[in-house]
Every structure is written in structure tokens, then in C-alpha cells.
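Encoded as C-alpha cells, the structure appears first; notes follow it.
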Amino acid sequence: MYDQIIIRYGEIALKGKNQKEFVDLLRNRVKQKVSHFTGVEINMTFDRMYIKLNGNDHEEVIPKLQEVFGIHSMSLALKTEHDIEAMKDGALRAVKDAGGDAPRTFKVTSKRPYKNFPISSQELNQIIGAHILKNTENITVDVHNPDTEVRVEVKRNGTFISCNHFEGAGGLPISRNNRVMLMLSGGIDSPVAGYLTMKRGVKIEMVHFHSPPFTSERSRQKVEDLAKILTKFGGDLLLHVVHFTEVQKAIQSNIPSNYSMTIMRRMMMRITERLAEKNEALGIATGESLGQVASQTLHSMNTINEVTNYPIIRPLIAMDKVEIMKIAHKIGTYDVSIRPYEDCCTVFLPDAPKTRPKRKNAQKFEQSLDIESLIEEAISKTETVTLREKELINKGFEDLF
């Protein structure tokens, strides 16, 4: 029955002179997501985007659009002419399709941007509502809290009637001009941090610290699979795999065990900053949640942050584990994150890491390390993996996991 999907912008609509830039970014991303559906058309107005399905199944298209940041909500819609009988018939069909035979409440919400149409919005609500009541059973009107809302939008190019509504991903469309380096481990938190960072319109490049032979190739594959899932939301992404073995061996040999985690995180931050400079990124994102582990206390963050002037983005900072896990399930990273392959942070975790490390102590202990040489070696051995969303889709995305 439905031949259109109406996309509503949400937050983008509040933008001023740069609104067009956001809308163009959104259009380009939507175009990418529907490119493998034959015949789909995208049409724009100043406050809406319309996807003409041309025979494609909306149950396949809608989930793809729900992965696009910048979409507030969507509605399945059918298009009619500016004819009251066609509009009445379309609204009735929409209600029956939404509710089947089950008793329900509904309301009609009409908008008339096309002022040449002779019937007012309020009159349309009454006419269409009366037609639905006359031709259905066990359905009543509830204008305050209806089970179903029938939206009727009278536009210049036709009338769009919608009844089935879907939430979008929200946020802002991703811009390549806003780029940060995401420190991606194999755990639950950092992929969620990447997702939430992208939700604010930020392009991520991922940095993973790999320590063979202490961490296995399965551990690395786990991280690559997490990165692949994030392409669903961010499009083509880069994963920088830093060979961190020599750095960790130097820390293990020269640093007191209770400060080894702090120094390791400081070294990771320095290396990530160098990669950010090299790749013209503007910040660093992490999956840290305040107080969750020893390296994520305020004292630890204060000491670790000392080594970089880059802004540190921590989208999970005030979340607890249950909230983070809920998002991980939603975006599809949870089952990969819990694979039993450890990353370098857990392999080298000391028995009693310092929870209140001091900057002056960290500086003193680091004097035993050739920091610049270790950083240069790690950067020189870094591998960059390009993950292309279209290739993953063509291979059968879900089969990869």
C-alpha cells in the first residue's frame, strides 16, 4: 500500500544559515544507504525528505535508514491527489493497515502548507475522522493519547497520508570535517563510545593497540569485526592497528607495577595524539566511564590527560554498565565484544593498579623510558585497515559475524 517514506530532520531543522550543509550531508548519507535498492528515488523539500519506494519493500528500507544519523523520525506514507475522496480513502486504508481488527483509539492531524487547497486543517481533521469512524468498528477518537495518529500533509505536489511511524537514530549527519581518533579496544564500552561520537556528526578513525604474541590474532579480528559493525553508522572507516608490544615490555621492565596501567595509558594517549596530528583529526574519543575501573577515576584521568593537549571526548562518562550494555545490544556490538579474546590492557593488568596516581610520580617513573623512541617505533609499525561499507554489504554483512 505504501509508496513513500517521509523523513523528518529533527535537530537539523533548528540550524540557521548552515542548515543546507547539514541537509546535504544527510541526503548524501541516505543516498548511500539506499543505493543497493533498485529504483528508489529521493526528493527534498525545505523541511522533509521523501523516499519513493518504486516497488521496494519498506521493511527492508526502513532498518537501513534507522542507521543514519540526522533522521529524527520516519513515516510510511501513501500519496494521493488533492481530492477529498482520495484522501478519505487513503486515511481509512492507513488506519486499517496499522491496526488490523483490534480495537484502538486514533486521532487525525492535518497540516496544509499548500494554502490553495480549499479545506482548512481543522475541517480536514473532522471530515477524515468522521469517515474513519463510519467505516470501522471498535475504534474511537482520542486526541490526547491515541494508539494511532493519522497524519495528513497537503503539499504542493500532492497529499501524503501516514500512520506507521518509526524512530530515527537522531543526532546530526556525519561530516568529514569533524574528525576524531577513537581508542577502540575489544570491550563493550569503546564501540558504544564510537557510535555516540558519530551521532554528534563526528567522523571517527579508530586506533587499536595490539601486542603480539601476548594478544592473539583472534583478539585483533574481534576488533576488526567491531569496526566493521560501526561502518553501518559511519560509512567507510579507517582502523589503525598499533603494534604495542615493545612499549608494554619496556613498561613491564622499568615501571613499578602499581603505576604500569597509568603509564601504559599515557603512552597510548601520546601515540593516538601523533596519529591524530598525522591524519588531521581534532580530538580523541574514549570509552571511559567515570569510576568504572582504576584507570577511569578522576585522579587517573587527570594524570593520563597531562600528556596531550587534544580534547578528550568521553560520551560514556556518566553512564553505568547497564546503560552502556543496552546501547551495545541495540547497535549490534555486544555479542562480538564478549568474545573471550583479551586485549593488551587486560593481558598486562597489574594486580593492584594505582587508583589515585599523581602526575609528578608518573613523570618520575617515565624518566626510565625512551619515550620518543618507543613512540616512533610504534607509529612506524602501525597498520591501517580500510573498511568499506559497500564491500561489506555486498559480501553479506551479517554473515561476517
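The values are calculated or read from the model by the stated rules, or taken from the named source; none is laboratory data. On a predicted model such as this, the values are computed, not experimentally measured, just so you know. No Cβ is skipped: glycine too gets one built from the backbone with ideal geometry, and neighbour counts run over all protein chains shown. Quick note on the areas: whole protein, heavy atoms, side chains included, nothing else; ligands and nucleic acids left out. Shrake-Rupley method; radii C 1.70, N 1.55, O 1.52, S 1.80 Å.
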* Asked: Inside segment 349-382, can you point out the residues that are more than 24 Å from Val242 (Cβ to Cβ) and not basic (Lys, Arg)?
  -> Asp351, Ala352, Thr355, Asn361
* Asked: Val150 versus (1) outside any strand (DSSP E or B); (2) of a type outside the set (Lys, Arg); (3) surrounded by 22 or more Cβ atoms within 10 Å (Cβ to Cβ); (4) outside the structural domain of Glu273 (by the TED database): which is the lone unmet condition?
  -> (1)
* Structure fact -> Note on segment 248-277: residues under 14 Å from Pro357 (Cβ atoms) and of a type in the set (Lys, Arg) are Arg265, Arg266
* Asked: Going through segment 100-132 one residue at a time, which ones are touching a Ser or Thr at 6+ places or on another chain (Cβ under 8 Å) and assigned to a helix (DSSP H, G or I)?
  -> Ser121, Gln122, Leu124, Asn125, Ile128
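Here is a yes/no grid of residues against (1) over 20 Å from Ile132 (Cβ atoms); (2) of a type in the set (Gly, Ala, Ser); (3) in contact with a Cys (Cβ under 7 Å, 6 or more places away or on another chain):
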| residue | (1), (2), (3) |
| --- | --- |
| Phe22 | yes, no, no |
| Leu25 | yes, no, no |
| Gln32 | yes, no, no |
| His58 | yes, no, no |
| Leu65 | yes, no, no |
| Gly70 | yes, yes, no |
| Arg93 | no, no, no |
* **Qualifying position, being under 16 Å from Pro173 (Cα atoms), out of contact with any Gly (no Cβ under 7 Å at 6 or more places or on another chain), crowded, with 17+ Cβ neighbours inside 10 Å and at pLDDT 95 or above, among Val61, Val30, Val23** => Val30
* Asked: If the Cβ limit is 8 Å and pairs must be 6+ apart or interchain, which residue in segment 282-308 that is free of Cβ contacts under 8 Å to residues at least 40 places away in the same chain pairs with which residue that is open to solvent by less than 10 Å² (accessible area, probe 1.4 Å) and not basic (Lys, Arg)?
  -> Gln296/Glu288; Gln296/Ser289; Met301/Glu288; Asn305/Met269; Thr308/Met269; Thr308/Thr272; Thr308/Ile284
* Asked: Which members of segment 296-318 meet the condition of being among the hydroxyl-bearing types (Ser, Thr, Tyr) and out of contact with any Pro (no Cβ under 7 Å at 6 or more places or on another chain)?
  -> Thr297, Thr308, Tyr310
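Among the residues of segment 176-192, are any among the hydroxyl-bearing types (Ser, Thr, Tyr), out of contact with any Asp or Glu (no Cβ under 6 Å at 6 or more places or on another chain) and not assigned by the TED database to the domain that holds Val68?
yes
Looking at this structure, is Glu21 assigned to a helix (DSSP H, G or I), acidic (Asp, Glu) and farther than 23 Å from Pro113 by Cβ?
yes
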* To do: Sort out which residues of segment 153-199 are under 15 Å from Lys79 (Cβ atoms), open to solvent by 40 Å² or more (accessible area, probe 1.4 Å) and touching a residue at least 40 places away in the same chain (Cβ under 8 Å), and write them in order of number.
  => Arg156
* State which residue pairs qualify: first residue free of Cβ contacts under 8 Å to residues at least 24 places away in the same chain and inside segment 52-77, second residue surrounded by 19 or more Cβ atoms within 10 Å (Cβ to Cβ) and aliphatic (A, V, I, L, M) in any location, beta carbons under 7 Å apart, and separation of 6 or more residues or different chains. => Asn56/Val40
